[in-house]
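A short worksheet on the structure shown next.
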Amino acid sequence: MSDPTLLVLASLADGEKHGYAMMEDIQRFANVRLGPGTLYGAITRLEQRGWIRPVDSGDRRRPYCITGAGREYLQGELTSLDRVVKTASRRLKHA
Amino acid sequence: MRQLIRWTARLYPVVWRERYGEELDALVEDIQPQWEDLFNVLLGALRMQMTTWNYLKIVAAVALAGALVAGVFAFRTQNRYVSRAVMRIAPAGRADSDPQKTLDRLQQMTNQILSRRDTALRIQLLQTQGGGAPAFMISYEYPDQVKAQAVVRDLVASFIEQNNTAQRNRPASAVEILEILDPPNLPEQPCFPNRPMIVAVGLLGGAVLGLLAALVWRGVR
């Protein structure tokens, strides 16, 4: 899974984070290092779609949190991914 | 490196920078920047520019691309030069001559001199002031200016030779004299390609295409 939007959503699923915290988190759980341009490209798209929103803070490192629609989208994508993973595993076992 | 990334981040659209610029700068301060981050920010800026393009930007970009393509074409196209000579067939003892007869004679001589038709060669009857004997211009276009001049010089010599042979058995009153008014010139400037014109046409063509692209873009969105 290397889709930056899914990785960001997955990172925000357990609570709000700012850009650097997301980068560190994604590196840790997915072993993928998102560059600053890729991360903020994904944040821009996700915010435009209403799947994440900024949290009010006076800091330049503005945190983001996942919205209900974002959680729903992530759930749908994970279900679909889960189906792919299960099918592929089953076929590998029988190959 | 950090400063380089900050400068690169200025390539993002202004509207985007107003919203996310501070955050991106803060992120760049927090990370250990690498070369790949610089390219990543550059790519991100280009992508963001493309997604926020308005019609004017589309037209400008396609026009620029058109000018660029036309420029490459213009500078890769070989120069062509035209050498010219002006001659006149004057009937001896008479001031006037029938231009059509002159043209027919020229055509006849050209057919005798040239074994095949060459599109680079042009023989053109010129308007003469005061109703004098008609003059004609021989021009030849070639990528090498010296060779173009040599071809016209050879043609002029052949015309004179042909004319002398044809006049040999004619009575003195009917003899037609072939005069050289302007000898074959060595062209200094190429006649083709007109590079500024080609680039201008590319720019204009690109702008029209860009306008069409912008209309299609509007339809898609």
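Data for the structure
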| item | result |
| --- | --- |
| Among the candidates A:GLU16, A:GLU72, A:GLU24, residue that is away from chain B (no Cβ under 12 Å), free of Cβ contacts under 8 Å to residues at least 60 places away in the same chain and under 21 Å from B:ASP25 (Cβ atoms) | A:GLU16 |
| Residue match in the range B:164-174 (condition: among the small types (Gly, Ala, Ser), surrounded by 13 or more Cβ atoms within 10 Å (Cβ to Cβ), at negative phi and without any contact (Cβ under 8 Å) to a residue 60 or more places away in the chain) | yes |
| All positions within the range B:110-130 that are farther than 23 Å from B:CYS191 by Cβ, touching a helix residue (DSSP H, G or I) at 6+ places or on another chain (Cβ under 8 Å) and either modelled with pLDDT of 75 or more or loosely packed, with under 11 Cβ neighbours inside 10 Å (or both) | none |
| Test: A:VAL32 is within 27 Å of B:TRP35 (Cβ to Cβ), within 10 Å of the chain's Cα centre (by Cα) and hydrophobic (A, V, I, L, M, F, W, C) | no |
| Search result, residues across the range B:42-70 that are within 11 Å of chain A (Cβ to nearest Cβ) and either in a helix (DSSP H, G or I) or touching a Lys or Arg at 6+ places or on another chain (Cβ under 7 Å) (or both) | B:LEU42, B:LEU43, B:GLY44, B:ALA45, B:LEU46, B:ARG47, B:MET48, B:THR51 |
| Test for B:ARG17: is it surrounded by 15 or more Cβ atoms within 10 Å (Cβ to Cβ) and under 26 Å from B:LEU211 (Cα atoms) | no |
| Counted residues, the range B:1-25 - those being in contact with an Asp or Glu (Cβ under 8 Å, 6 or more places away or on another chain) and within 10 Å of chain A (Cβ to nearest Cβ) | 2 |
| Selection count where residues are at the interface with chain A (Cβ under 7 Å from one of its Cβ atoms) and part of a helix (DSSP H, G or I), scope the range B:26-41 | 8 |
| Test result for A:GLY15, over 21 Å from B:GLU36 (Cβ atoms), of a type in the set (Gly, Ala, Ser), touching a Gly at 6+ places or on another chain (Cβ under 9 Å) and at pLDDT 90 or above | no |
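The values are calculated or read from the model by the stated rules, or taken from the named source; none is laboratory data. Small disclaimer: the values here were computed from a predicted structure and weren't measured. Please note: Cβ atoms are built from the backbone with ideal geometry, for glycine as well, and neighbour counts cover all protein chains shown.
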